[in-house]
Structures are given as structure tokens and as C-alpha cells.
1. Using the Karplus curve 6.51 cos²θ - 1.76 cosθ + 1.60 with θ = phi - 60°, what ³J(HN,Hα) values do you get for each residue of segment 140-147, in whole Hz, with x for Gly and Pro?
2. Report D for segment 1-95 in µm² per second (integer): Stokes-Einstein, Kirkwood Rh on Cα pairs, 37 °C, 0.692 mPa s.
3. Counting other C-beta atoms within 10 Å, which of ILE147, ILE72 has the fewest, and how do the rest follow?
4. I want to check the label-to-label distance for GLU28 and GLU112. Put each point 7 Å from Cα in the C-beta direction and report it in nm to one decimal.
5. Excluding same-chain residues fewer than 8 positions from LYS131, which aspartates and glutamates have a Cα within less than 18 Å of its Cα?
6. Provide the gained length on full extension for the span GLU143 to TYR92, in nm with one decimal, where the gain is 0.36 nm per separating residue minus the Cα-Cα distance.
7. Any chance you could give the angle, 0 to 90 degrees and rounded to 10, that helix 40-52 forms with the longest Cα principal axis of the chain?
8. Using the Cα centre of segment 59-98 as origin and beta-carbon charges of +1 (Lys, Arg) and -1 (Asp, Glu), tell me which of SER64, TRP75, SER96 is placed farthest towards the positive end of the dipole.
Amino acid sequence: MNKPVFTVEEIKRKLEQYCVYQDRCHKEVAQKLQDYNLIPEAKEYILLHLLEHNFLNEERFAKSFARGKFRIKKWGKERIVRELKFRDISVYNIQSALKEIDEEEYMKTLYELVAKKKATVSETNPFKRKKKIADYLLYRGFESNLIYEALKTTDS
């Protein structure tokens with residue numbers, strides 16, 4: 001099956017749309033460019049265009065990613081950091097992204113998740129019960145010291 005052939009300008013427009021729809025990281029855009037089988041010079045030209053015209057902005061991506069994953073998926077900072085590192089985001093941009101998360105809101109979310117999970121865990125052994133809740137929150141990416149503090153203050 002033949003793949004459709006696009007000009008560099010058409011691909012540039014497609015990638016502009018791709019970046020406008022949702023903030024993207026360099027890795028996602030590079031992957032998308034890979035699909036078009038372009039020569040390296042054309043890839044460079046398109047990437048440069050996207051950066052110069054602010055379609056592609058790593059810091060903006062990192063900040064919106066951190067805000068979204070925390071507010072919508074209720075992820076903790078460790079999980080957000082892990083996911084950003086996986087996307088090859090710089091340490092500077094990761095740190096600036098974490099500043100987007102309000103500390104008070106973060107703790108409030110943690111305590112809400114503890115309460116919600118306590119209501120659903122049917123385990124009667126208090127140690128196993130705490131472990132199940134802690135494992136759930138660790139998977140969510142919250143820091144272990146904060147989890148144990150939250151479990152201690154909201155003892156079952």
C-alpha cells in the first residue's frame with residue numbers, strides 16, 4: 001500500500017495543527033516527523049519553524065502536563081517527574097513544572113485520596129489495610145513520607 005506523499009510545507013502545516021491541538025514535547029513531535037520519512041534537513045527545518053513560532057515549547061508543555069495530570073488524574077509529584085523524564089524533559093523544566101502544583105491543594109488531594117481508598121478497602125487486618133492504601137498512593141506517585149504521615153493522622 002502506498003503512503004500518501006506530502007510536501008515539506010504540508011507536513012509543516014500538519015505539525016502546526018498537531019501542536020496547536022495540545023501542547024506537545026519534542027519527543028512526540030520527533031516521533032510524528034519520523035512517520036513522514038523526511039530527510040534530516042527537512043526535519044530540522046520543520047522543528048526549527050515550530051520552535052521559532054512557539055508551536056513547540058518544552059517549558060509550556062511540562063507545566064501544562066504537570067497541572068493536568070495532578071488536577072485530572074490526581075497523580076503525585078514522583079509520577080509526574082517520572083513521566084516527564086520519560087519524555088526527555090530537562091531537569092530545569094521539570095522543576096519549573098512542579099511549581100505549578102499548589103502545595104496546599106497537593107496535600108488536600110492526598111488526604112482526599114486516603115479517605116476515598118479507606119472507604120473501598122475491605123481488608124480487616126490493620127497492617128494489610130494500611131499497606132494496600134499506601135501501595136495505591138505510591139502507584140499514584142505520592143512521596144512515601146507524605147503517605148505515611150497522612151495514614152498516621154487519619155488512622156483507621
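Just so it is clear, none of the values below were taken in a lab; they were calculated from the coordinates. What you see is a predicted model; the values in this text were computed from it and never measured. With ideal geometry, Cβ positions are generated from the backbone for all residues, glycine too; neighbour counts draw on all protein chains shown.
1. 5, x, 7, 6, 4, 4, 5, 5
2. Numbers: Rh = 14.4 Å.
D = 228 µm²/s.
3. Starting with the residue having the fewest Cβ neighbours, the order is ILE72, ILE147.
4. 2.4 nm
5. Of all the aspartates and glutamates, those that pass the test against LYS131 - Cα under 18 Å, at least 8 places apart if same chain - are GLU112, GLU123, GLU143, GLU149, ASP155.
6. Values: separation 51, 0.36 × 51 = 18.36 nm, distance 2.02 nm.
Value of the extension gain: 16.3 nm.
7. Orientation of helix 40-52: about 60 degrees from the principal axis.
8. Toward the positive end, the furthest listed residue is TRP75.
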